[in-house]
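Okay, structure first, notes after.
Coordinate-derived values only; no laboratory data. Here the structure is a predicted model, which is why all the values come from computation and not from measurement. Neighbour counts are summed over all protein chains in view; Cβ atoms, including those assigned to glycine, are modelled from backbone coordinates with ideal geometry.
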Ligand code: GLN
């Protein structure tokens with residue numbers, strides 16, 4: 001196949017899948033093209049592991065299936081390359097979860113989400129940088145270096161799925177997986193001007209996702225368009241009863257089926273609490289312009305209230321560390337991962353291993369978590385937080401009596417400068433205010449690019465749906481992207 005491949009990286013997943021199916025490009029040349037881009041733009045810091053032999057072997061297998069015409073109808077993604085957030089365990093690549101604790105760790109199995117995408121014929125380009133154990137909002141907590149935002153290398157790509165968002169925005173991959181515990185798909189998507197969706201809690205299996213806060217963690221796709229996210233999410237979701245007891249007993253769904261439905265008459269709830277004092281004027285302007293665009297498409301804006309929005313910060317930063325402190329107890333130097341070299345006895349080995357292996361933010365959360373779960377404080381903090389979590393979920397159900405979807409900003413500001421909040425964890429926690437409520441309620445949420453703000457940085461709008469309303473969310477996002485061009489904007493130099 002001899003033709004100009006120079007713009008292969010500008011194709012969306014949907015376009016690439018079609019070209020591959022029609023044999024206009026091969027999976028091998030596509031994979032080689034993207035691997036070369038990853039090398040050229042290595043200074044972004046997005047990739048943590050690549051393995052050309054593995055990738056090309058997968059691509060050759062995809063080409064063979066494409067040539068033989070043996071692809072099943074279910075293999076809509078045959079030959080499409082993507083990369084995984086380094087929180088998903090993979091047999092063929094190292095899995096670090098951004099932690100020294102797991103440096104060079106190789107899993108004996110693939111995460112369910114990784115395996116499901118592989119069944120669809122995707123070609124894996126490698127593993128993408130993230131905050132250590134997915135704790136963070138700027139990707140600065142990774143033990144393996146910072147990630148630059150392709151729109152401005154002095155700024156953060158967001159976190160914790162910062163490598164995924166930067167790689168998609170810089171067109172080093174057509175799409176990537178991410179995980180979202182309190183905003184880690186939506187916020188980096190917003191900061192990097194791409195599209196991402198976190199499904200309803202339980203729709204995608206957590207098996208093989210290195211656990212942070214198990215009652216919140218969810219996997220989802222990050223890509224340039226809602227159409228691509230629909231394709232990928234359809235492949236990622238589905239029950240996994242034997243391996244994840246919290247995975248929902250809901251059949252797989254084709255999230256692309258209603259993409260082009262009209263949004264005429266759609267009621268968009270606009271929560272007053274998402275447009276208060278803390279919202280930067282540039283972000284407000286871009287989100288309000290997007291809402292006006294929706295009105296032009298025939299949607300109706302409905303003022304709503306999510307009265308406990310502010311409480312979502314203390315509630316999340318009690319529950320997530322509590323679960324993290326329990327989940328991370330497995331990293332003790334005995335079973336797997338890092339072990340201190342010098343120690344006197346077993347207790348000393350535990351202590352030294354954990355002191356060496358975990359970064360500051362992870363240690364902070366383990367301490368907070370152990371504290372709020374301890375005898376005497378459990379009722380005052382953990383139990384209280386659980387009660388308010390329930391109320392936050394109820395507030396959404398009240399709101400959904402008046403509207404079909406909820407819209408607002410993803411984050412109060414555009415991407416900040418690298419280093420700006422790294423010494424001040426609370427400042428970074430506060431910036432999670434708009435993504436945490438939906439996470440605590442377990443609702444699906446997405447981020448779509450809606451313009452540019454301060455420093456010419458991308459602004460994302462958040463769309464939140466009721467449980468199982470992923471298809472609706474993707475439809476609402478897709479209609480916006482059919483009418484606007486924000487999702488096609490490209491950072492200079494990529
Ligand atoms: N920024 C939030 C945190 O630090 C959310 C991270 C996430 O969703 N994984 O916990």
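Considering the range 1-98, its Cα convex hull presents a mean projected area of 6.9 nm². Look at 201, 371, 382 and count the other Cβ atoms within 10 Å of each Cβ; fewest to most, that gives 371, 382, 201.
Per residue, the average separation of C-alpha pairs within less than 8 Å and at least 6 apart gives the range 394-494 a relative contact order of 29 percent. Residue exposure proxy: 40, 12, 55, ordered by other Cβ atoms within 10 angstrom of their Cβ from fewest to most, comes out as 40, 12, 55. Only helices enter this figure: runs of n ≥ 4 DSSP H residues, each worth -39500 (n - 2.57), summed and divided by the residues of the chain, yield -11000 deg cm²/dmol at 222 nm to the nearest 500.
For the range 125-283, averaging the sequence separation of C-alpha pairs within contact (under 8 Å, six or more residues apart) and dividing by the residue count gives a relative contact order of 16 percent. Taking the centroid of alpha carbons for each part, the range 446-464 and the range 377-409 are 24 Å apart. As an equivalent ellipsoid, the chain spans semi-axes of 31, 30, 21 angstrom, where each value is the square root of five times an eigenvalue of the C-alpha gyration tensor, largest first. Counting every other Cβ atom within 10 Å of each residue's Cβ, 229, 237, 130 order from fewest to most as 237, 229, 130. What separates the Cα centres of the range 305-352 and the range 101-133 is a distance of 22 Å.
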